[in-house]
Amino acid sequence: MCVHGGLRGLALAGPGAAVLIRDVEIEGRGRVDVRVTGGRIAAVGPRLAGPADVDGRGGALLPGLHDHHIHLAALAAEASSVRVGPADVGGRDGMAAALRAGAPGEWVRATGYHESVAGALDRWALDAIVPDRPVRVQHRSGALWILNSAALRAAGLDNGGGDGCLWRKDERLRSFVPPVPLDLAGLGRRAARLGVTGFTNADPHPAAGLRQLLSVLPQRLVVMGVDAPVKLMLDDPVLPTPADLAATVAGLRPRPVAVHCVTRVQLIVTLLALQEAGPVEGDRIEHGSVIPAQTVPWLRRLGVTVVTQPHFPVERGDTYATDVHADDRPHLYRCRSLAEAGVPVAAGTDAPYGTHDPWAAMRAAVARHDGEGVTPRAALRLFLGSPRRPGRVRKLTVGAQADLCLLHVPLHEALDALSADVVRAAYVGGRPLLP
């Protein structure tokens with residue numbers, strides 16, 4: 001992977017810089033001033049002494065948004081990819097036109113594919129569409145790559161009989177396919193405009209040097225597998241027994257784990273394993289795609305945080321109506337019912353496999369009509385959790401890290417809009433992320 005850009009153009013104050021933000025609304029305290037020193041909030045109160053560095057003009061000051069589940073390198077690679085999802089192309093003909101664009105012989109990296117676009121794909125189906133250039137298409141789930149014959153030959157993977165479908169083979173593919181330019185600095189700037197001050201990168205098998213690669217981002221980073229928690233992937237065809245998973249978890253202690261659960265059987269195995277190994281603070285269920293009602297009290301007893309994508313039933317409602325078993329549909333991506341039961345819950349966009357805009361995810365979380373819709377205030381709180389304890393909402397109190405999101409408007413107006421248009425500035429440790 002190649003990185004270009006860097007931090008040019010970002011106005012970053014020194015780590016020990018003192019900043020006085022005047023006249024901001026902090027929930028519960030009305031309009032106050034906030035002083036930041038050494039990257040932390042040093043004082044909160046009316047009419048603090050000293051000249052103002054920023055005039056908040058009565059806008060709300062929030063903890064910076066944290067995306068608790070995202071795939072940053074894959075998101076950056078989207079700029080060099082062709083989108084072939086249901087919302088991007090008009091069926092098989094539209095996908096074919098998108099894949100054929102460009103010079104013969106050049107690699108095409110396509111993302112977002114779902115069976116509703118062009119049916120099931122394999123190398124031969126892709127060959128019929130694009131025979132003259134290497135093509136690799138990623139399924140919307142992120143778990144599957146499909147390569148045509150030209151791509152298999154170019155990568156040295158054509159052993160004469162494969163169907164071109166590579167399930168969870170990202171590590172292997174990195175060694176065989178051309179590198180993709182990654183404008184991570186641009187990604188960081190776009191995220192700053194959304195008020196995002198932190199990411200939790202959720203790749204299951206982080207590439208060597210991933211933390212260094214991502215260090216160009218100005219946001220605060222948690223990289224699963226490098227930092228805590230350790231991500232554990234589960235797939236139904238090779239699902240471990242609860243005892244085996246418990247042994248894996250116990251071997252990782254005292255580090256917390258983040259277990260990928262997208263089916264009910266994966267969730268049951270995980271809960272049994274955590275019960276046997278003993279939960280620790282920071283344990284997480286990633287996605288919680290299917291959470292049967294009877295497991296909700298179990299989740300609460302274990303104290304496990306569910307990091308979910310409440311926007312997926314809105315973004316993918318049409319395909320879920322046909323792809324998901326009828327018994328599972330009432331239990332998809334719980335949000336409101338978890339919070340009401342006392343289960344810690346937070347959200348990640350799962351970008352690029354979902355929207356990268358947390359405000360759009362919030363709007364979708366509110367708009368749900370399946371009984372799991374939440375209030376605008378609750379939707380906002382899903383992205384205000386601590387980076388390492390996502391179910392614990394951060395407060396702007398003295399001593400807290402000064403990762404901040406300053407809005408143009410008071411909070412009640414922001415909650416009415418739930419739009420990135422209300423964001424004025426973002427700060428990490430008191431440093432402005434944009435000029």
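Go over the candidates ALA417, ALA400, ALA426 one by one and state the one that is surrounded by fewer than 18 Cβ atoms within 10 Å (Cβ to Cβ), touching a residue at least 60 places away in the same chain (Cβ under 8 Å) and hydrophobic (A, V, I, L, M, F, W, C).
ALA400 is the lone residue from the list that is surrounded by fewer than 18 Cβ atoms within 10 Å (Cβ to Cβ), touching a residue at least 60 places away in the same chain (Cβ under 8 Å) and hydrophobic (A, V, I, L, M, F, W, C).
Taking only segment 203-223 into account, find how many residues are among the aliphatic types (A, V, I, L, M), part of a strand (DSSP E or B) and touching a residue at least 40 places away in the same chain (Cβ under 8 Å).
Number satisfying all stated conditions: 1.
Scan the strands (runs of 3 or more DSSP E) fully inside segment 93-172 and keep the ones with 1 or more residues being in contact with a Gly (Cβ under 7 Å, 6 or more places away or on another chain).
Values: elements: 108-113, 135-139, 144-147, 165-167.
Answer list for segment 93-172: 108-113, 144-147.
Having 2 or more residues that are over 21 Å from GLY28 (Cα atoms) and under 20 Å from the mean Cα position of the chain (by Cα) is the bar; report the helices (runs of 4 or more DSSP H) wholly within segment 352-435 that clear it.
358-367
Taking into account only those residues within segment 162-207 that are at positive phi and at pLDDT 90 or above, which is surrounded by the fewest Cβ atoms within 10 Å (Cβ to Cβ)?
GLY164
The values are calculated or read from the model by the stated rules, or taken from the named source; none is laboratory data. Quantities reported herein were computed from a predicted structural model and do not represent experimental measurements. Heads up, the Cβs are rebuilt from the backbone with ideal geometry, glycines too, and the neighbour counts pull from every protein chain shown.
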